[in-house]
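Following: one structure in structure tokens, then a few remarks.
Every number in this text was worked out from the coordinates using simple rules, so none of it is lab data. Treat the numbers as computed from the prediction; the structure is a model and nothing was measured. As a convention, Cβ positions derive from the backbone with ideal geometry for all residues, glycine included, and neighbour counts pool all protein chains shown.
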Amino acid sequence: MSTPPMSTPAPSWYDLLGVAPDAPAEEVRTAWRAQIADLDPTDRRFAVLNQAAEVLLDPRRRAAYDAELAAAAPEVEPAEPVEPVDPSAPVEPAAPAGSEAAAPAGRVAAVPGWLLAVAGALTLALVITVVVLWGREPSAGDVEGDARAARAAAERAVVPILSYDAAHLDESKAAAQQYLTGKLRTDYDRIFAGLIEKNAPSTQTVVTATLVRSSIVRADEGHAQVFLLVNQTRTNKKYTEPEVYKNWVTLTMDQVDGAWLVSDMAT
């Protein structure tokens with residue numbers, strides 16, 4: 001009877017980004033940026049690499065992930081104790097194969113002591129890392145909570161910012177303005193007045209944005225960048241059949257008086 005092939009373990013987030021499990025956050029961030037630099041945002045690998053970066057750049061999520069990897073790793077059974085060898089003792093001839101004195105077929109060769117020592121040290125280092133990261137008290141500004149709040153605010157903001165209806169321009173403008181701050185608010189008002197309000201009524205243009213997915217690029221206390229994939233559907237007097245444009249946008253989010261607002265936008 002043939003022996004079934006051994007299964008290959010699935011690659012970890014560290015494998016996907018090409019970094020060591022003990023790589024510092026800056027090294028993880030650099031590797032992630034290099035990996036996605038030449039990828040189209042619609043490429044499946046783009047989303048997977050972003051997910052890997054999200055986990056490994058968040059101390060708590062990374063600690064939990066490391067613990068999962070450690071739990072899933074195969075255990076190394078300790079070697080049986082070996083009696084010391086007397087160099088002066090005569091060497092007994094090996095028993096022929098198939099004889100009663102032959103070693104049992106199931107006996108596995110002893111694992112070298114140095115290998116066990118290395119494995120033990122690595123396991124201890126991993127346990128210490130997990131304990132330290134999990135036991136760390138959250139800072140006054142909870143970066144993980146800020147990231148979640150900023151991402152949710154960006155998802156709410158991107159739709160009205162990238163949408164407008166020629167028949168309801170005042171409502172469209174007000175819906176977007178509530179999410180804008182700083183220079184972006186000034187730029188938006190200027191563009192809306194100079195282009196959209198002048199042209200949309202005559203062309204009867206309606207643009208409706210739909211969020212596809214989003215991910216955190218980076219997050220600090222009170223500041224974050226969120227990447228979003230957005231479909232924009234456009235109709236107007238000339239083209240009554242909806243045209244769909246697939247766009248990506250990066251929103252810079254700032255916390256202003258307790259609310260997350262968009263301070264910059266790149267498309």
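Overview of results
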| read-out | value |
| --- | --- |
| Percentage, to the nearest whole number, of Cα pairs in the range 143-266 over 17 Å apart | 57 percent |
| Counted charge near residue 234, where neighbours are those whose Cβ lies closer than 15 Å (Asp, Glu -1; Lys, Arg +1) | 0 |
| Residue 234/residue 144 FRET efficiency (R0 35 Å; Cβ-Cβ; nearest 0.05) | 0.40 |
| Gained length - residue 73 relative to residue 37, 0.36 nm times residue gap less alpha-carbon distance | 9.8 nm |
| Net charge of neighbours whose Cβ lies under 15 Å from the Cβ of residue 167, counting Lys and Arg as +1 and Asp and Glu as -1 | -1 |
| Relative contact order (%) - the range 143-266, alpha-carbon pairs under 8 angstrom, separation at least six | 29 percent |
| Anisotropy class of the range 208-267 from Cα gyration tensor, a/c 1.5 cut | prolate |
